[in-house]
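Following: one structure in structure tokens, then a few remarks.
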Amino acid sequence: MRQLYVGSYNAPVLTGDGSIYHGNGNGITHYEFDEMTGELFERESLPEAQNASWLAFSPEGRRLYAVNELDDYEGTKGGAVSAYAVEMDGSLHFLNRLPVMGAAPCHVDCAPEEGSPKYVYTANYNGGSMSAIRLKADGSLEALDLLLQHEAAERPCHTEESYPQSTEKKHPHVHSSSVYKRILWITDLGLDTVEAYRLNEAGGLAASSPFLRFELPEGSGPRSLAFCENRIFVSCELSNEIAVLEWSGQKLTLLQKISTLPETGDDRDAKTESHVGGIQISPDGKYLYAGNRGHDSIVVFAVERDGMIPVQWAPAGGSNPRGFSLSPSGKWLLAAGQNSGSLTVMKRDEKTGMLEPERVYEAKAAVCLLFLQEADSHSGF
């Protein structure tokens, strides 16, 4: 059996359009997943984990970190991050929780990438910032080490009276803080940027300024990241595209920008109603998957040397598939329908990459799925 953890919304939070969303989820739910049959078995729920919208394991799999996507945690005008011990049977034991001093943290990752982590990094969407939290030797949270605040930027504003003499503010919305090859990669959906910060041996920032900063086309809205060798795949929420970047030393180059939505038929109208969310690369690096929220599909791309080619738009089996995950074997994909309160299990053809729905489970306001990988050993700490 594989251990699966699902994060969900269960407390009020301010959304990107200014409305208040209040999910009816269970915080964090622990499941066991049968790779042979595709069956899912619920083991426990942690409703005290408020708005656990993103989860991350420590490299050795003994600790789980969860953001608490809140705008005001205990009067701090920001959210929080929580640490859990992962027991031998997969159950979770709460360690501690700390404020991140940034509103609506929506992503978390650990550094360094091997051994026992020394830091966790959160992306704070409404706060437009990134928080670096130092860890204790036992993997619990020690203290906020750094708050990196993005500032609003000006952009040309085209109006009927002036073209383009006026300007307006682009407001920062930091969405991802991912660690890859000893570098912290940060996306800012509001500023249309991808930034890279070098990490020192302990996993902390080597400098408070990025050594790489790439500006995507205006209105892209970079959200989530996936990595494969020297290529970085960026889901662009506002333009409904995947941007493919090539990383070479001190340079990032845009290789491709491809729509996540079909180009023909009635589906073309969904571009104004749908927003791409999460992305993931298959274990063999041959396929990329992205969730279309509104179109309610999982798009499958074949990853070729010269670019990506769409091969399928598979029905997600639920409404607003914000979060999904491939199983460790790569034989299944599980997609959470945030608005439908569902969790769809899809069988995956490893040769073609294509998906076929098998069964649907209830999972209220679920937005993040994370498998404990087999390679994660219970050693350390």
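The values are calculated or read from the model by the stated rules, or taken from the named source; none is laboratory data. The model shown is predicted, which means the values in this text are computed figures rather than measured ones. Cβ placement follows ideal geometry from the backbone for every residue including glycine, while neighbour counts extend to all protein chains displayed.
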Any hit, the range 77-94, residues being over 24 Å from Gly25 (Cβ atoms) and polar (S, T, N, Q): no
Selection from the range 4-39 of residues that are surrounded by fewer than 20 Cβ atoms within 10 Å (Cβ to Cβ), touching a strand residue (DSSP E or B) at 6+ places or on another chain (Cβ under 8 Å), more than 19 Å from Ser82 (Cα to Cα) and free of Cβ contacts under 8 Å to residues at least 60 places away in the same chain: Thr15, Ile20, Tyr21, His22, Glu32, Asp34
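Taking the condition at pLDDT 95 or above and within 20 Å of Glu113 (Cα to Cα), does Leu191 pass?
No.
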Index of the failed condition, Gly38 passing every other in (1) part of a loop (DSSP other than H, G, I, E, B); (2) under 27 Å from Tyr125 (Cβ atoms); (3) over 17 Å from the mean Cα position of the chain (by Cα); (4) not aliphatic (A, V, I, L, M): (2)
The range 187-223, residues that are over 29 Å from Gly291 (Cβ atoms) and buried (at least 23 other Cβ atoms within 10 Å of the Cβ): Gly203
Among (1) over 24 Å from Gly307 (Cβ atoms); (2) touching a His at 6+ places or on another chain (Cβ under 8 Å); (3) touching a residue at least 60 places away in the same chain (Cβ under 8 Å) - the single one Leu191 does not satisfy: (3)
Residue check for Glu246: in contact with an Asp or Glu (Cβ under 8 Å, 6 or more places away or on another chain), free of Cβ contacts under 8 Å to residues at least 40 places away in the same chain, in a strand (DSSP E or B) and not basic (Lys, Arg): no
The range 298-325 residues that are under 19 Å from Lys351 (Cα atoms) and assigned to a strand (DSSP E or B), paired with ones that are of a type in the set (D, E, K, R) and modelled with pLDDT of 95 or more (beta carbon under 8 Å, 6 or more apart): Ala302/Lys286; Val303/Lys286; Ala314/Glu356
